Amino acid sequence: MATWGLILETTVGLGERKHIEAYVMVHVEGEREAALAELERRARAYTPEHPRSPKRRRLFRDGDGFLLVVDGAWQSHATRFSAVELLDDTDRPTPAERVGDEPAEAEALPAATPESPPPPSLPPLVERDEDGVPVKPAWLGRTDLP
């Protein structure tokens with residue numbers, strides 16, 4: 001049985017620091033069709049942080065994934081969703097490291113169910129120094145402060 005990673009790729013940051021980051025939303029055990037169904041459910045439920053005042057929302061299907069384009073007042077923001085097969089994972093225990101009589105069960109990842117609630121939108125990523133302190137204060141650049 002194949003393990004599928006449901007991947008979200010989105011643009012984060014502002015100005016010259018704007019870049020694309022990828023997140024593994026969940027792993028799905030089973031057939032490709034089940035992974036695509038779960039991916040579509042998550043893509044439809046996803047609410048990106050930007051734009052803050054969306055004017056138009058379009059969801060496109062592209063092969064093994066989806067592209068969400070949300071038009072704002074000044075620019076559009078895109079988020080790509082992909083279903084990809086997991087081939088190797090360095091954090092997955094090797095057969096010698098597994099404990100118990102049934103190694104297949106120790107390795108199995110939980111299957112995503114269509115009844116599960118929609119995932120919360122990902123919090124914005126904040127650039128942090130090695131101690132975990134944000135490099136840019138949260139209040140910097142806010143227009144609603146005196």
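The values are calculated or read from the model by the stated rules, or taken from the named source; none is laboratory data. What you see is a predicted model, and the numbers here were worked out from it, not measured in a lab. No Cβ is skipped: glycine too gets one built from the backbone with ideal geometry, and neighbour counts run over all protein chains shown. In case anyone asks, the SASA skips ligands and DNA or RNA and just uses the protein heavy atoms, side chains included. Shrake-Rupley method; radii C 1.70, N 1.55, O 1.52, S 1.80 Å.
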**Residue check, ASP89 more than 18 Å from GLU33 (Cα to Cα) and either of a type in the set (D, E, K, R) or at pLDDT 85 or above (or both)** = yes
Is there a residue in the range 106-126 that is part of a loop (DSSP other than H, G, I, E, B), open to solvent by 70 Å² or more (accessible area, probe 1.4 Å), at pLDDT 90 or above and not hydroxyl-bearing (Ser, Thr, Tyr)? no
Reported set for the range 38-86 where residues are part of a loop (DSSP other than H, G, I, E, B), acidic (Asp, Glu) and under 17 Å from HIS27 (Cβ atoms) is ASP64
Flagged in the range 1-33 as within 20 Å of ARG80 (Cβ to Cβ) and among the hydrophobic types (A, V, I, L, M, F, W, C), in numbering order, are TRP4, LEU6, ILE7, LEU8, VAL12, LEU14, ILE20, ALA22, VAL24, MET25, VAL26, VAL28
Within the range 41-77, the residues that are open to solvent by 50 Å² or more (accessible area, probe 1.4 Å), of a type in the set (A, V, I, L, M) and touching a strand residue (DSSP E or B) at 6+ places or on another chain (Cβ under 8 Å) are LEU59
